[in-house]
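Okay, structure first, notes after.
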Amino acid sequence: MAGSGEQGAGGADRAAGPGRPERAGVSGRAGGPGRRGERLTPKGERTRGRIVGEAARLMHEGGVAETTVEDVKAAAGVSSSQLYHYFADKDALVQAVIDHQAGAIVGNTEQAGLGTPEGIRAWRDMVLAGARQSGGQGGCPLGSLGGQLAETDAEARAQVADGFGRWAAALSDGLRALHASGRLRPGLDPDDVAVTLLATLQGGLLLAQVQRETGALATALDTVLALVLVP
C-alpha cells in the first residue's frame, strides 16, 4: 500500500520499548487480529482498538500524511513493540483506520431507524449535530480518507469505495422500509435515493469543512428529504 508514508518503520524500532504484545497464541480472527493473524486476548483487543481509535482521531483531525507512527504511539500510550505487533507498518494502520471509520459510520446508520420519516429526520439531526460539534473540521471521516489517498493508493481507494458501498446499502435498507410503507414518493427507487443522500451528505460535509459552519449541509439535506418523502 503506497502513499501513506512511513512504510516498514524499521526493525530497530520494532524491537524497542518495554511493552509485551498481548496474544492468545491461537490461529484465527477475533475482533482485531495481530499482524500474524492470531486471535487476540481481550486485553490485546483493547490495546489494538485503542491504537486504531487514536490513529483515526489524529488522521481525521490532522491528515494521514501528517500523522506519524510516533504520534499514534504517544496518543495511545503504547511502545514500538506493541504497535508493530498489531501493524506491520503505517500502511497497515491506515487500512485499519479506514475499516474503523467505515464500520462506525455503517453501524450508526443501521441503528438510526431510517425506516420511518421520524427516524430519517432524527438521522439528519444526528449528522448535523456531529458536524456542528466538530465545527466541520476534518470533513467526513470516511470521505476525507478517500480524498487524501485515492490518487496515490489504489488499495486504500478500493477500501474506501467498499466502505461507501456498505454505507449506501445501510441507507437503502431503511429507505426500502419507507418505500414499503408508502412514505417514499411514488416512482423513486430506494437504492437511487440512498446514493443521492450519500452524495448530498458528502458535498454538504465538504462545504461545512471549508466554511466552518453547517448551513449549506442543513439546506442540502432538508431539500433532498422534502423531495423524496411523502408529506
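The values are calculated or read from the model by the stated rules, or taken from the named source; none is laboratory data. All values reported here derive from a predicted model rather than from experimental measurement. Reconstructed Cβ throughout: ideal geometry from the backbone, glycine too, with neighbour counts over all protein chains shown.
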Check: Of all residues in region 180-206, how many are aliphatic (A, V, I, L, M) and free of Cβ contacts under 8 Å to residues at least 24 places away in the same chain?
Finding: 2
Item checked: Residues located in region 50-76, provided they are among the small types (Gly, Ala, Ser) and crowded, with 19+ Cβ neighbours inside 10 Å -> 55, 56, 76
Check: In this structure, is residue 109 hydroxyl-bearing (Ser, Thr, Tyr), exposed (fewer than 15 other Cβ atoms within 10 Å of the Cβ) and within 30 Å of residue 179 (Cβ to Cβ)?
Finding: no
Checklist line | Candidate set: region 130-148, residues that are among the aliphatic types (A, V, I, L, M) and closer than 27 Å to residue 188 by Cβ; chosen: the one modelled with the highest pLDDT | finding: 142
Notebook entry, point to check: When you scan region 28-139 for helices (runs of 4 or more DSSP H) that lie fully inside it, which ones turn up with 3 or more residues that are closer than 23 Å to residue 164 by Cβ?
Noted result: 42-62, 90-110, 117-134
Checklist line | region 113-142 residues that are in contact (Cβ under 8 Å) with a residue 24 or more places away in the chain, paired with ones that are charged (D, E, K, R) and buried (at least 16 other Cβ atoms within 10 Å of the Cβ) (beta carbon under 6 Å, 6 or more apart) | finding: 117/183
